[in-house]
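Asks: So that we are looking at the same thing, I have put the structure below in structure tokens.
The values are calculated or read from the model by the stated rules, or taken from the named source; none is laboratory data. A quick note: this is a predicted structure, and the numbers were derived from the prediction, not measured. Positions of Cβ are generated from backbone atoms using ideal geometry, with glycine treated the same way; all protein chains shown enter the neighbour counts.
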Amino acid sequence: MHASDTPSAWVQRFSHLVPAEGTVLDVACGHGRHMRWFAERGHAVTGVDRDPAALQAAAQWGTTVQADIERDGWPFKPGRQFDAVIITNYLWRPLLHDLLGAVAPGGALIHETFAKGNETVGKPARPDFLLLPGELLRAYAGLRVVAYEDGFLEDPPRFVQRIAAVRDDPAQPLPRHRLG
């Protein structure tokens, strides 16, 4: 789904939610297309992936952490938070709680991945890798949703679910984000 280096249109659309010069965590970062997007906008970026070759390419954009989070668990110390957590084309349900906890007050979460129905048009097709209707809304119920979509995209054909959300900051009583 991301043969090019172009960042996801969803990530681009909602990257304004990330606090200026804030820290960004790119989960399952691959070669770093989203790391590059945020680094070029002045953010300190950390990418985590299990593929050492992909991380070698991504390292030019920030800090990289090699970890097989499906086998070995969350690679960060408890309580470590980021101003943004970015996840695209990746789902590991046991990790959802850690992703939610990694969003700092005033921070953003942008998650986009495959949903039920994708098995009718291609891969991934295993239920383990496809979100159920409303699953991201339930997983990130502690955040304030800015945007959410669940449906079919044509180019390339795929079923996706995606969310952009922020963790309210008690120190900032008014919302600090603007709509797209």
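Asks: Pull up region 69-95, narrow it to residues that are among the aromatic types (Phe, Trp, Tyr) and either assigned to a strand (DSSP E or B) or touching a residue at least 24 places away in the same chain (Cβ under 8 Å) (or both), then point me to the one that is farthest from ASP169 (Cα to Cα). Explain how you work it out, then say what you get.
Replies: First, pick out the residues of region 69-95 that are among the aromatic types (Phe, Trp, Tyr): 74, 76, 82, 90, 92.
Subsequent filtering for residues that are either assigned to a strand (DSSP E or B) or touching a residue at least 24 places away in the same chain (Cβ under 8 Å) (or both) retains 74, 76, 82, 90.
Numbers: TRP74: 24, PHE76: 22, PHE82: 13, TYR90: 27 Å.
The qualifying residue farthest from ASP169 (Cα to Cα) is TYR90.
Asks: Scan (1) buried (at least 19 other Cβ atoms within 10 Å of the Cβ); (2) out of contact with any Gly (no Cβ under 8 Å at 6 or more places or on another chain); (3) closer than 22 Å to ALA20 by Cβ for the single condition PRO105 breaks and write down its number.
Replies: The failed condition is (1).
Asks: Specify which of the listed residues (ALA104, ALA59, ALA125) is in a strand (DSSP E or B) and of a type outside the set (Val, Ile, Thr).
Replies: The match here is ALA104.
Asks: Considering only residues that are assigned to a strand (DSSP E or B) and touching a His at 6+ places or on another chain (Cβ under 7 Å), look in region 24-55 and name the one that is surrounded by the most Cβ atoms within 10 Å (Cβ to Cβ).
Replies: ASP26
Asks: When the residues of region 128-147 are filtered to those that are part of a loop (DSSP other than H, G, I, E, B) and surrounded by 15 or more Cβ atoms within 10 Å (Cβ to Cβ), which remaining residue is modelled with the lowest pLDDT?
Replies: The residue in question is LEU130.
Asks: I'm trying to understand the selection: among the residues of region 14-23, which are assigned to a loop (DSSP other than H, G, I, E, B), touching a His at 6+ places or on another chain (Cβ under 8 Å) and surrounded by fewer than 21 Cβ atoms within 10 Å (Cβ to Cβ)?
Replies: Those that are assigned to a loop (DSSP other than H, G, I, E, B), touching a His at 6+ places or on another chain (Cβ under 8 Å) and surrounded by fewer than 21 Cβ atoms within 10 Å (Cβ to Cβ): GLU21, GLY22.
Asks: Within region 16-51, restricting attention to residues that are small (Gly, Ala, Ser) and farther than 20 Å from LEU96 by Cα, which residue is modelled with the lowest pLDDT?
Replies: Restricting to residues being small (Gly, Ala, Ser) and farther than 20 Å from LEU96 by Cα, the top hit is ALA20.
Asks: Would a scan of region 84-102 turn up a residue that is of a type in the set (S, T, N, Q), closer than 15 Å to GLY32 by Cα and either out of contact with any helix residue (DSSP H, G or I) (no Cβ under 6 Å at 6 or more places or on another chain) or surrounded by fewer than 18 Cβ atoms within 10 Å (Cβ to Cβ) (or both)? Spell out how you get there, then give the answer.
Replies: If we filter region 84-102 for residues that are of a type in the set (S, T, N, Q), which is where we start, we get 88-89.
Subset that is closer than 15 Å to GLY32 by Cα: 88-89.
Then drop every residue that is not either out of contact with any helix residue (DSSP H, G or I) (no Cβ under 6 Å at 6 or more places or on another chain) or surrounded by fewer than 18 Cβ atoms within 10 Å (Cβ to Cβ) (or both), which leaves 88-89.
Yes, that holds for at least one residue.
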